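As structure tokens, the structure follows; a few thoughts come after it.
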Amino acid sequence: MIEAFKLFLSALSGRFKSRAQLEAEVLILRRQLAVLQRQTPKRIRTSSFDRFLVMSACRFWPSLLNAVVIVKPETVLRWHRKGFRTYWRWKSRNPGGRSKIDADTRALIRQISLENPLWGAPRIHGELLKLGINICQSSVAKYMAKRPRPSGQSWKTFLMNHKDGIASLDFLVVPTFGFKLLYCLVMLDHNRRKILWTSVTYHPTAEWVARQITEAFPWDEAPDYLIRDNDSIFGLAYRR
């Protein structure tokens, strides 16, 4: 806290100095830094405040990365990635934790899936809820008996046979300096492996995605199939 207050006073006093005086002060500081670099070890210890200050300055003025001397620009980027991971680890913490699935429940899930091969995870999940076993659907799918893949046309073969009329879309997540998530929608043509459309937003909704579809594909250029995953954003509002 004291270091931050001293830095604020130093920045405030610089507002009353002439340009020539500031340039001379920068020159002297650079020379002292060069002298210290020759005498200090390669690895320099930095405090959390030092890292935050360098990251913040380089965020608003990216060209300042060239002026960073005591550490490499890659180190500054690594500090930001570490801060991003720490922030989201703290935000998504769960002190209670998830209760473990007992062995009897796991055996029951496997037995039901073997005796009813046509039942999927949603059906088995509903039956377990009727028995008073409170377990999420993803856990049911995890402990179901694994079956061999059916013989027939593979997904890769389907894509190769119909790639002329197929496009796909999905989201990429980009972390920002303020530890927020920027969602980038990408649409890809499978025939020529060409990016057809990209758009970014902080708040993706079904209506927003549907609007991007209509803008990316005019009626005379719409593909026969538009591949997407089972995310809830592609639900009823999107299909409508």
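Here's a check for you: in segment 65-97, which residue that is outside any helix (DSSP H, G or I) and surrounded by 10 or more Cβ atoms within 10 Å (Cβ to Cβ) is modelled with the lowest pLDDT? Looking at the filtered set, the residue picked out is 69. Can you tell me which residue within segment 113-137, out of those that are surrounded by 15 or more Cβ atoms within 10 Å (Cβ to Cβ) and closer than 17 Å to residue 148 by Cα, is nearest to the chain's Cα centre (by Cα)? The residue in question is 121. Where strands (runs of 3 or more DSSP E) fall wholly inside segment 153-240, the ranges with 2 or more residues that are modelled with pLDDT of 80 or more, open to solvent by less than 100 Å² (accessible area, probe 1.4 Å) and over 30 Å from residue 52 (Cα atoms) are 166-175, 181-189, 194-201. Scanning segment 98-111 finds one or more residues that are open to solvent by 40 Å² or more (accessible area, probe 1.4 Å), under 30 Å from residue 179 (Cα atoms) and at pLDDT below 80.
The values are calculated or read from the model by the stated rules, or taken from the named source; none is laboratory data. No experiment lies behind these values; they were computed from the predicted model shown. As a convention, Cβ positions derive from the backbone with ideal geometry for all residues, glycine included, and neighbour counts pool all protein chains shown. With ligands, DNA and RNA removed, areas are computed over all heavy atoms of the protein, side chains included. Shrake-Rupley method; radii C 1.70, N 1.55, O 1.52, S 1.80 Å.
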